[in-house]
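Colleague: One structure, pasted below without further comment.
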2 protein chains.
Amino acid sequence: MPIRLDAADSDFEQRFVQLLEGKREASKDVNDAVASIIADVRARGDAAVVELTNKFDHANVALDTLAISAEEIASAAASVPDNIRAALQTAHDRIWAHHAKQKPEDHIYTDPLGVTLGTRWTPVDAVGIYVPGGLASYPSSVLMNAVPAKVAGVARIAMVVPTPNGEINPAILLAAQIAGVTEIYRIGGAQAVAALAYGTASIPKVDKVVGPGNAYVATAKRQVFGQVGIDMIAGPSEVLVIADGSANPAWVAADLIAQAEHGAGAQSILVTTEKGLADTVDAEVDRQLALLPKEEIARQGWDEFGAIITVCSLDEAAILANRIASEHVELAINDPQGFMGAIRHAGAIFLGHHTPEAIGDYVGGSNHVLPTARSARFASGLGVLDFMKRTSILGCDPSSLSALAEAAVTIAEVEALHGHGRSISIRLNR
Amino acid sequence: MPIRLDAADSDFEQRFVQLLEGKREASKDVNDAVASIIADVRARGDAAVVELTNKFDHANVALDTLAISAEEIASAAASVPDNIRAALQTAHDRIWAHHAKQKPEDHIYTDPLGVTLGTRWTPVDAVGIYVPGGLASYPSSVLMNAVPAKVAGVARIAMVVPTPNGEINPAILLAAQIAGVTEIYRIGGAQAVAALAYGTASIPKVDKVVGPGNAYVATAKRQVFGQVGIDMIAGPSEVLVIADGSANPAWVAADLIAQAEHGAGAQSILVTTEKGLADTVDAEVDRQLALLPKEEIARQGWDEFGAIITVCSLDEAAILANRIASEHVELAINDPQGFMGAIRHAGAIFLGHHTPEAIGDYVGGSNHVLPTARSARFASGLGVLDFMKRTSILGCDPSSLSALAEAAVTIAEVEALHGHGRSISIRLNR
């Protein structure tokens with residue numbers, strides 16, 4: 001049973017905070033284990049990567065099969081049915097079209113003093129994309145990570161994907177093929193992150209590592225941060241559905257279930273102004289769960305982390321939504337466009353009754369890699385900017401330098417950086 | 001003596017890699033110490049913060065003096081001479097004017113299928129700014145961190161600054177006053193980062209922590225990342241001057257010294273096409289160092305980490321510059337505008353002979369918080385975007401949902417996420 005809260009209850013604040021702060025992941029301390037793996041890969045390179053891969057993934061790779069060959073990619077991709085290829089191509093094209101609009105423009109200008117100022121964007125040279133293997137091995141995630149990198153102009157994309165027991169989903173390789181990713185290694189875990197960050201003889205190092213993974217992958221990303229850039233520390237997925245009397249309870253229930261079926265701590269929360277709707281949705285979730293081929297994971301997720309909260313107004317719903325700062329926020333309400341400004345913290349907002357979150361996972365065009373675990377308070381979903389960086393441009397001529405010199409030298413002196421001051425005053429004709 | 005390399009030497013590649021990979025910081029492992037401090041602050045809140053502050057900063061703070069009072073800020077600010085106030089105000093206004101141009105625009109559009117897609121930017125609610133105390137206590141850094149946050153629309157800025165032996169530079173408080181920062185705590189180190197990230201009874205938690213600090217601060221930021229956002233892991237500062245025959249050796253020398261005087265691993269590198277210039281600059285640095293009030297730090301930095309590299313062409317200089325990916329790149333050459341496109345990885349580029357890097361530290365208008373330690377390969381300087389986040393907007397109507405449904409459901413099935421597929425198909429009128 002999901003928890004039921006009403007914002008008018010006297011113990012609401014306390015129970016809501018419990019919901020907010022409740023851990024949804026076993027916070028396994030794998031810091032030391034990951035540090036050893038990284039040190040091992042740095043010291044022994046490929047040999048360590050091969051050994052650790054065979055050990056942790058129960059695989060049987062050798063140095064010359066670490067990379068998945070062009071033939072293997074082509075043959076796996078060709079084995080995927082045409083309707084799946086068409087669907088992934090549609091997804092790719094829509095993701096590309098949307099992300100192309102995110103590409104930033106340089107802006108260089110001269111200010112009234114004659115100082116040249118500006119911002120110039122350039123792509124990262126080489127990016128590593130981590131794609132989980134096994135259960136959560138999603139071809140859509142290959143597209144969501146690779147397409148913005150390609151749009152950004154990243155010259156080299158190295159993809160890693162573990163192949164537990166030697167198995168890989170052919171649709172993963174098809175998605176890579178569609179996205180134009182050709183450098184793929186059958187490795188995963190902290191050893192893959194270490195290889196990408198520090199390089200080995202056969203895996204050249206990259207400049208940034210993106211993509212979700214388990215606790216080992218997340219911890220490895222945290223530890224290599226600085227050596228390379230990383231996107232974010234991904235946590236369990238989540239949805240918040242805000243519904244008013246215009247919502248269809250069966251549709252709302254289906255969306256709550258879609259989130260819960262991710263398992264692994266995924267959380268579905270309904271906030272509604274209608275007590276009646278709350279009851280109907282609750283019953284509908286129960287009814288629809290029974291129809292699901294993989295009922296158990298979704299039911300367990302809903303029972304353990306699900307919540308239904310009744311509030312007296314949409315304004316109150318917005319206040320809670322901003323505190324939850326959910327990865328996904330669905331507005332199953334009459335006027336989603338008018339209301340959306342009230343939601344300040346969300347990875348993505350889905351407008352109206354005909355926008356199930358799942359459409360955004362695949363073919364909407366926006367990115368499905370979004371900030372989880374309340375990090376939408378400060379973080380954004382993956383996008384083109386994550387694969388580019390900004391260089392500041394500054395230029396003075398003798399006149400503008402002279403106009404700025406006194407203020408600059410004064411501050412340099414306050415900071416006791418006399419050499420800074422001298423580097424300015426030495427250029428003045430006095 | 002700085003090292004001297006020539007790109008034509010047979011051992012150049014090996015020595016250049018040594019230069020690139022040389023550690024400039026004692027990589028003190030403070031992980032465990034920092035983890036204990038964070039755990040202590042989480043467990044005991046203010047009491048731990050007060051205790052640790054008095055212990056590490058040799059200060060004498062009490063719970064009711066953790067915050068610096070409005071009177072104290074006003075009185076310290078009033079004690080600063082007028083010329084310094086004017087200089088900081090000039091810096092503030094120019095930083096504001098430049099950063100105002102970085103504010104991103106929302107972009108929401110409808111695609112040919114009728115799908116609403118968009119990107120919406122909102123400010124982070126609450127930001128913590130870490131300002132180092134003691135030797136490296138720079139009022140300019142207060143402005144560089146606070147102004148972009150203010151421009152972004154951040155409602156609450158909490159500043160922390162340690163006061164070793166109870167002392168604080170009044171210009172720091174003046175800079176805060178000019179920037180409109182009113183919430184200031186006299187705390188530092190890992191305990192300050194922990195208080196900002198997790199909150200205490202008297203210090204409400206923030207959503208993001210920015211600003212440079214020592215190994216404890218950097219490690220604490222790494223450990224709290226995810227709980228809050230962070231800007232970057234700052235390392236020692238660095239400059240790369242690229243000079244051709246048109247460069248003034250005395251000016252180049254002054255700029256190399258300005259960087260070296262930061263100490264703490266700061267690095268100055270000259271890459272030049274002119275062997276004669278290399279020699280003259282080398283001698284000039286030596287001569288000018290002797291004129292510096294604090295000669296010793298700068299000389300030590302130059303001797304230990306400085307480098308002069310001769311190359312046969314500016315193209316070769318660009319190749320090395322992109323491998324170094326320096327925080328600051330000065331183009332002391334004849335045609336800096338024409339050449340700057342060749343520099344793909346740099347925190348900031350300074351154009352021409354009249355743009356010493358120090359002008360950008362203070363009053364140029366661009367930000368002086370820039371990626372160090374080769375992280376310009378993947379990271380950008382601090383800016384308005386660091387204090388905002390992007391929310392994706394997606395909206396379908398019955399017609400566009402219906403047009404996208406088949407592809408989405410197909411991918412959901414490939415990923416064995418049947419609930420995802422059902423959340424789409426349940427909405428179709430079939």
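Colleague: Take every Cα-Cα distance within the protein assembly as shown, group them into 10 Å bins from 0 onward, and report for each bin the whole-number percent of pairs it holds.
Modeller: So the P(r) values, bin by bin, are 2, 13, 22, 24, 20, 12, 5, 1, 0.
Colleague: Find every distance from the label point of residue A:291 to the corresponding label point in the other copies (7 Å from Cα along Cα→Cβ) and write them in nm, one decimal, shortest first.
Modeller: 8.3
Colleague: Right, another one. Less than 30 Å apart at the alpha-carbon level, and either on another chain or at least 8 residues along: which lysines does that give for residue B:294?
Modeller: Within reach: B:23, B:28, B:55, B:275.
Colleague: Moving on to the next point. Would you tally the net charge around residue A:100, using a Cβ to Cβ cut-off of less than 14 Å, leaving residue A:100 out, and scoring K and R as +1, D and E as -1? Don't skip to the answer; put the middle values down first.
Modeller: Numbers: positive: A:94, A:101, A:103, A:150; negative: A:93, A:105, B:111.
After counting each charged neighbour, the total is +1.
Colleague: Could you name the lysines whose alpha carbon sits less than 18 Å from that of residue B:389, not counting residues in the same chain fewer than 8 places away?
Modeller: Partners found: A:101, A:103, A:389, B:101, B:103, B:150, B:208.
Colleague: Another question, if that's okay. Computed FRET efficiency, Cβ-Cβ of residue B:296 and residue B:93, R0 35 Å: what is it to the nearest 0.05?
Modeller: Values: r = 36 Å, r/R0 = 1.02.
According to the calculation, E is roughly 0.45.
Colleague: Let's test the formula: R0 of 51 Å, r as the Cβ-Cβ distance of residue A:109 and residue A:13. What FRET efficiency results, to the nearest 0.05? Show your work: numbers first, answer last.
Modeller: Details: r = 50 Å, r/R0 = 0.97.
Given R0 = 51 Å and the Cβ-Cβ separation, E is 0.55.
Colleague: Shifting gears a bit: Report the Cα centroid-to-centroid distance between the range B:238-277 and the range B:124-173 in angstrom, as an integer.
Modeller: That distance is 30 Å.
Colleague: So how do B:56-63, B:117-124 stack up, highest first, on mean other-Cβ count within 10 Å?
Modeller: Numbers: B:56-63: 15.5, B:117-124: 21.1.
My ranking of the peptides, most packed first, is B:117-124, B:56-63.
Colleague: What does the highest-first list of B:43-54, B:354-365 look like by mean Cβ count within 10 Å? The partial results should precede the final answer.
Modeller: Working: B:43-54: 18.1, B:354-365: 27.8.
Result, highest mean first: B:354-365, B:43-54.
Colleague: What residues have an amide H closer than 5 Å to that of residue A:225, excluding those fewer than 5 places away on the same chain, when H is modeled at 1.01 Å from N in the peptide plane?
Modeller: Correct list: empty.
Colleague: Which value, in debye to the nearest 20, gives the size of the charge dipole of the protein assembly as shown about its Cα centre, when Lys and Arg are +1 and Asp and Glu are -1 at the Cβ? Before the final figure, lay out each step's value.
Modeller: On the way: 66 positive and 100 negative charges, 33 e Å.
Approximately 160 debye in magnitude.
Colleague: Run the helix sum for the protein assembly as shown: -39,500 (n - 2.57) per DSSP H stretch of 4+ residues, divided by residue count, reported at 222 nm to the nearest 500 deg cm²/dmol.
Modeller: -13500 deg cm²/dmol
Colleague: Given contacts defined as C-alpha pairs under 8 Å and at least six residues apart, what's the relative contact order of chain B, whole-number percent? Numbers along the way, then the final one.
Modeller: Values: 819 pairs, mean separation 86.4, N = 430.
Computed value for chain B: 20 percent relative contact order.
Colleague: Give me the dipole magnitude in Debye, nearest 20, for chain B about the Cα centre, with unit charges on the beta carbon: positive for Lys and Arg, negative for Asp and Glu.
Modeller: Details: 33 positive and 50 negative charges, 316 e Å.
Roughly 1520 debye, rounded to the nearest 20.
Colleague: Now, a different point. Starting with the highest mean, order A:177-186, B:69-78 by the number of other Cβ atoms within 10 Å, averaged over the residues of each peptide. Working shown, then result.
Modeller: Values: A:177-186: 20.6, B:69-78: 14.0.
For the peptides A:177-186, B:69-78, the packing ranking is A:177-186, B:69-78.
Colleague: Grab the other residues whose beta carbon is less than 9 angstrom from that of residue B:198, score K and R as +1, D and E as -1, and report the net. Don't jump to the answer; show the numbers that get you there.
Modeller: On the way: positive: B:42, B:205; negative: none.
Net charge around residue B:198: +2.
Colleague: Let me know the mean shielding of B:334-343 by other chains, meaning the per-residue number of their Cβ atoms within 10 Å of its Cβ.
Modeller: Values: counts 0, 0, 3, 4, 0, 0, 6, 2, 0, 3.
That average works out to 2.
Colleague: While we're looking at this one, here's another question. What does the average come to when, for each residue of peptide A:361-372, you count the partner chain Cβ atoms lying within 10 Å of its Cβ?
Modeller: On the way: counts 8, 13, 12, 13, 7, 8, 2, 1, 0, 3, 4, 1.
Partner-chain Cβ atoms within 10 Å, mean over residues of A:361-372: 6.
Colleague: Okay, moving on. Please give the net charge around residue A:15, taking every other residue with its beta carbon less than 15 angstrom from that of residue A:15, where Lys and Arg add +1 and Asp and Glu add -1.
Modeller: Details: positive: A:4, A:323; negative: A:6, A:9, A:11, A:13, A:21.
Combined, the nearby Lys, Arg, Asp and Glu give -3.
Colleague: Something else now. Amide H neighbours of residue A:389 under 5 Å, counting only residues 5+ apart in sequence or on other chains, H built in-plane at 1.01 Å?
Modeller: Amide H neighbours of residue A:389, under 5 Å, 5+ apart: A:122, A:124.
Colleague: Something else: List the residues, sorted by chain then number, that are 5 or more residues from residue B:6 or on another chain and whose placed amide H is less than 5 Å from its amide H.
Modeller: Those lying under 5 Å, H to H, from residue B:6 are B:310.
Colleague: In nm, one decimal, shortest first: how far is the label point of residue A:51 (7 Å from Cα along Cα to beta carbon) from the matching points in the other copies?
Modeller: Ordered by increasing distance: 4.3 nm.
Just so you know, all these numbers are worked out from the coordinates, no wet-lab data involved. A quick note: this is a predicted structure, and the numbers were derived from the prediction, not measured. As a convention, Cβ positions derive from the backbone with ideal geometry for all residues, glycine included, and neighbour counts pool all protein chains shown.
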